[in-house]
Amino acid sequence: MDIWNTLYEQARALYHPEQMTPFLYGYHVACALETATGRIFTGFCIESCCGVMDLCAERVAALHMLLDSGERVVRRILVVRDAPPTGGVTGMPCGACREFFLQLAPENRAMEILVDYASRETVTLGELMPAWWGEDRCRQP
């Protein structure tokens, strides 16, 4: 089994959209990520009526990674909605998630994001964020 299939199966297992309370909706986007050391962490999206408490699946997976391992560098990430990514923007992290991963570790520029499950096409976070505003700050002593 290849790593993308492993990530897909773990993310897909979390996908089951549900109204959790009258105020919270979740599990309608799921994510699996592989760390630089090969560990896999998952997360799901949760949205609230007030908006400011919303969390994307990618950030929830990253928070699990931080909590459980202390790791900050992600090798690969896959996002699932009702199907695996099929090209275009179906598996792309939002701008807030892209920014979060770069602030988590500048090395995450090399993080592979699965664009198309069938062809295994990927793009790196660095390709999506070519002129990140935080580069200079990372180089400061």
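Among 60, 29, which is the only one that is assigned to a strand (DSSP E or B) and touching a residue at least 12 places away in the same chain (Cβ under 8 Å)?
On the way: 60 fails: assigned to a strand (DSSP E or B).
Exactly one residue qualifies, and that residue is 29.
Close contacts from the stretch 78-100, counting a first residue that is under 21 Å from residue 13 (Cβ atoms) and touching a residue at least 60 places away in the same chain (Cβ under 8 Å) and a second that is open to solvent by less than 50 Å² (accessible area, probe 1.4 Å) and β-branched (Val, Ile, Thr), with Cβ to Cβ under 6 Å and a gap of 6+ residues or different chains, come to 81/29.
Does any residue of the stretch 44-61 turn out to be touching a helix residue (DSSP H, G or I) at 6+ places or on another chain (Cβ under 6 Å), under 24 Å from residue 111 (Cβ atoms) and among the aliphatic types (A, V, I, L, M)?
Here is the first cut: in the stretch 44-61, the residues touching a helix residue (DSSP H, G or I) at 6+ places or on another chain (Cβ under 6 Å) are 44-45, 56, 58-59.
So of that shortlist, the ones also under 24 Å from residue 111 (Cβ atoms) come out as 44-45, 56, 58-59.
After this cut, where a residue has to be among the aliphatic types (A, V, I, L, M) as well, the list is none.
Among the residues of the stretch 44-61, not one is touching a helix residue (DSSP H, G or I) at 6+ places or on another chain (Cβ under 6 Å), under 24 Å from residue 111 (Cβ atoms) and among the aliphatic types (A, V, I, L, M), which makes the answer no.
Going by the conditions given, is residue 18 among the acidic types (Asp, Glu) and surrounded by fewer than 21 Cβ atoms within 10 Å (Cβ to Cβ)?
Against the criterion (among the acidic types (Asp, Glu) and surrounded by fewer than 21 Cβ atoms within 10 Å (Cβ to Cβ)), residue 18 qualifies.
Tally up the residues in the stretch 116-141 that are of a type outside the set (Phe, Trp, Tyr) and open to solvent by 60 Å² or more (accessible area, probe 1.4 Å), please. Working first, answer last.
Within the stretch 116-141, the first condition is being of a type outside the set (Phe, Trp, Tyr), and the residues that meet it are 116, 118-131, 134-141.
From what is left, the residues that are open to solvent by 60 Å² or more (accessible area, probe 1.4 Å) are 118-121, 127, 130-131, 136-141.
The qualifying residues number 13.
Being part of a loop (DSSP other than H, G, I, E, B), within 20 Å of residue 29 (Cβ to Cβ) and of a type in the set (Gly, Ala, Ser) is the filter; apply it to the stretch 86-141 and report the residue that is modelled with the lowest pLDDT.
Filtering the stretch 86-141 for residues part of a loop (DSSP other than H, G, I, E, B) gives 87-94, 105, 111, 117-120, 129-134, 140-141.
Pick out the ones that are also within 20 Å of residue 29 (Cβ to Cβ) and you get 87-94, 111, 117-118.
Subsequent filtering for residues that are of a type in the set (Gly, Ala, Ser) retains 87-88, 91, 118.
Numbers: 87: 84, 88: 79, 91: 85, 118: 94.
Ranking the qualifying residues of the stretch 86-141, first place goes to 88.
Does any residue of the stretch 106-115 turn out to be out of contact with any Phe, Trp or Tyr (no Cβ under 6 Å at 6 or more places or on another chain), open to solvent by 50 Å² or more (accessible area, probe 1.4 Å) and closer than 19 Å to residue 55 by Cα? Checked the stretch 106-115: no residue is out of contact with any Phe, Trp or Tyr (no Cβ under 6 Å at 6 or more places or on another chain), open to solvent by 50 Å² or more (accessible area, probe 1.4 Å) and closer than 19 Å to residue 55 by Cα.
Please state which one of 72, 76 is surrounded by 16 or more Cβ atoms within 10 Å (Cβ to Cβ), touching a helix residue (DSSP H, G or I) at 6+ places or on another chain (Cβ under 6 Å) and closer than 24 Å to residue 135 by Cα. It would help to see each step written out before you state the result.
Values: 76 fails: touching a helix residue (DSSP H, G or I) at 6+ places or on another chain (Cβ under 6 Å).
The match here is 72.
Six or more apart or on different chains, Cβ under 6 Å: which pairs go from a residue in the stretch 35-47 that's touching a residue at least 40 places away in the same chain (Cβ under 8 Å) to one that's among the basic types (Lys, Arg)? Could you list them? Pairs found: 36/75. If you take the residues of the stretch 32-55 that are assigned to a loop (DSSP other than H, G, I, E, B) and among the small types (Gly, Ala, Ser), which of them is surrounded by the fewest Cβ atoms within 10 Å (Cβ to Cβ)? Once the filter is applied, the top-ranked residue is 51.
The values are calculated or read from the model by the stated rules, or taken from the named source; none is laboratory data. These numbers come from a predicted model, not from an experiment. Reconstructed Cβ throughout: ideal geometry from the backbone, glycine too, with neighbour counts over all protein chains shown. In case anyone asks, the SASA skips ligands and DNA or RNA and just uses the protein heavy atoms, side chains included. Shrake-Rupley method; radii C 1.70, N 1.55, O 1.52, S 1.80 Å.
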